[in-house]
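Here the structure is laid out as structure tokens; the discussion comes afterwards.
The values are calculated or read from the model by the stated rules, or taken from the named source; none is laboratory data. Predicted, not measured: the structure shown is a model, and the values here were computed from it. With ideal geometry, Cβ positions are generated from the backbone for all residues, glycine too; neighbour counts draw on all protein chains shown. For accessibility, only protein heavy atoms count, side chains too; no ligands or nucleic acids. Shrake-Rupley method; radii C 1.70, N 1.55, O 1.52, S 1.80 Å.
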Amino acid sequence: MIKTDATMSIRLTRDEVVELTGKKTRPAQERALRAMRIPFAVDGLGKICVSRRAVEERLAGRNPEDDPASEPDFSVFDRRAAHGRQA
């Protein structure tokens, strides 16, 4: 069954990960994703989870990891620690 945009999952399917990486095993897929600088996670079942948006951004030539606005500002914790306060 082919999914339409309205029913498409936010993460890639196993087949899509294989197609993207050209690899069938998890270790090989991890190496390929790292080489492509595409962020991923491994779920509790040991399966690779790749955000569809991350792939789209990367293929468009953008890298969300390079955008400082995409990261939360944790400096508030540094200031608390500097003043002897615990978070």
Summed residue charge, Cβ within 13 Å of ARG31's Cβ, Lys/Arg positive, Asp/Glu negative: +4
Accessible surface, 1.4 Å probe, highest first, among residues LEU59, LEU33: LEU59, LEU33
